[in-house]
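Notes to accompany the following structure.
The values are calculated or read from the model by the stated rules, or taken from the named source; none is laboratory data. Treat the numbers as computed from the prediction; the structure is a model and nothing was measured. Backbone-built Cβ (ideal geometry, glycine too); neighbour counts: all protein chains shown.
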Amino acid sequence: MKVLVVGVGALGTEVIKTLVLLGVKDICLVDCDRIEMSNLSRQMFFRHDHIGLFKAETAATVLQKTWPWLRIEYRNSPVEELAVSFFEQFTIVVCSVDSVKTRRWLNSLIVGDLRKPLIEGGTEGLLGHARLIDSASACVECTIDFYPQTRQLPCGQYYQEEGANEPMASVCTTNAIIGAIMAKMLLDHSGSFVLYNGTEAVFMDSLKIDKRKDCFVCSYGNFTA
Ligand SMILES: [Zn+2]
């Protein structure tokens, strides 16, 4: 199994850590951001002397030193700038970005064009969700109304969408819980939509959400994995 993780932030580092501990050995990390002081309190791979370095490259270096048997690669570029052929080598893709715009772009490519499964998750404060998108489940576009600060535009126009790239607040407990669920979904291929709410007590629910019959991303063809 060769896994691509897009987004090496607070949620992504939790997913990566759990995947490695569960025995996944072949991983590629993509993130164009550099490490800032504010990242250090919630991203376990990064130290003070990493400030200013790329997140993907630094996380890959730390992982390789800690677990020398890993086959780990990285790309320090925006995921949208990578060639389509790059994505074809992966068994499954994990989306742990904090941008709705990038999430929609990745869903369109991985689910719509390449017909591969996508693990998608997000957190906002004490709220979070995780799901595996495969041939039987609703994709990001089917459920676009679930996301904050976005509005639906016709296919191909959301690259110019304004206000859809706002960063979401990060709480380490929420990221740890959602990251662990995303890693578990990757290994056992469980396809439900998991919602987490930690605002008053811990509440979690698992939903089956139908695909939209007119979805321009997922309503046709078959998956390859
Ligand atoms: Zn869809």
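I'd like to check which strands (runs of 3 or more DSSP E) are fully inside the range 1-119 and have at least 2 residues that are without any contact (Cβ under 8 Å) to a residue 40 or more places away in the chain, surrounded by fewer than 23 Cβ atoms within 10 Å (Cβ to Cβ) and aliphatic (A, V, I, L, M).
Working: elements: 2-6, 26-30, 71-75, 92-95.
Fully inside the range 1-119 and qualifying: nothing.
Residues in the range 120-149 that are in a loop (DSSP other than H, G, I, E, B) and away from the ligand (no atom under 13 Å from the Cβ): 5 in all. Filtering the range 16-40 down to residues that are under 20 Å from the mean Cα position of the chain (by Cα) and polar (S, T, N, Q), which residue is modelled with the lowest pLDDT? Filtering first and then ranking leaves Asn39.
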